[in-house]
1. So how tilted is helix 51-60 from the main axis of the chain? Cα-based, degrees 0 to 90, rounded to 10.
2. When the chain is treated as a GNM, springs tying every alpha-carbon pair under 10 Å, which of I82, I55, I129 comes out with the largest mean-square fluctuation?
3. Would you calculate a helix-derived [θ] at 222 nm for the chain, using -39,500 (n - 2.57) for each DSSP H run of n ≥ 4 and dividing by the full residue count, to the nearest 500?
4. Would you please report the Å³ per residue occupied by the convex hull of the alpha carbon atoms in the stretch 31-81?
5. Which percent, to the nearest 5, of DSSP beta bridges fully inside the chain are antiparallel?
6. Based only on the alpha carbon positions, what is the Kirkwood hydrodynamic radius of the chain, in angstrom?
7. Taking the Cα centre of the chain as origin, sum charge times position over the Cβ atoms of Lys and Arg (+1) and Asp and Glu (-1), and report the length of that vector in debye to the nearest 20.
8. With N residues in the stretch 96-144, what two-decimal value do you get for its Cα radius of gyration over 2.2 N^0.38 Å?
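Where a number appears in this text, it was derived from the coordinates with a stated rule and is not lab data. This one's a predicted model, so the numbers in the text were calculated from it and none came from an experiment. Reconstructed Cβ throughout: ideal geometry from the backbone, glycine too, with neighbour counts over all protein chains shown.
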Amino acid sequence: METAASSHVLVLNRLWQAVNIIGFERTFSLLCQDNAQVIHPTEESYQLFNLMDWIDFSRENPPMEEVAAVHTVNHRIRMPQIILLNAFDKLPQKEVKFTRNNVFERDKDQCQYCGRVFPRTELNLDHVIPRDYGGKTNWENIVC
């Protein structure tokens, strides 16, 4: 049985794009502050609930034992699986910086021409298409 403490909740921005996965504490914090709504899938569509409506829904449709729930003094509230943020419309920037060490890491310290692994002190970076011929200094054109 999954407990509320071990369950994860998918967070969508207001454009319905996935932005994060969070735990139950953060989920209920966002719902209590009215910064998010619960998305509950139905057979044909989705229903949106604010926190009070979700509590009512949980009371009318008690969660089965295998469904994670938060227990309060008065209620057993279903743990949402998906929430929708009310105001956030950006995607998180998780781009890896283009650095010498990150290229070495990507290539696993292996020369891309001979296939041998070297200590980083003996490695260089090389443009696949030389800069003289219009080659860019980017992830696609640089190798160890």
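1. 60
2. I129
3. Numbers: 3 runs with 26 residues, N = 144.
Value at 222 nm, helices only, nearest 500: -5000 deg cm²/dmol.
4. Details: hull volume 4.3 nm³, N = 51.
Enclosed volume per residue, from the Cα hull, is 84 Å³.
5. Working: 18 of 21 bridges.
In the chain, approximately 85 percent of DSSP beta bridges are antiparallel ones.
6. In the chain this quantity evaluates to 19.0 Å.
7. Numbers: 15 positive and 19 negative charges, 136 e Å.
With only Lys, Arg, Asp and Glu charged at Cβ, the dipole is about 660 debye.
8. Details: Rg = 10.6 Å, N = 49, 2.2 N^0.38 = 9.7 Å.
Taking the Cα Rg and dividing by 2.2 N^0.38 Å, one obtains 1.10.
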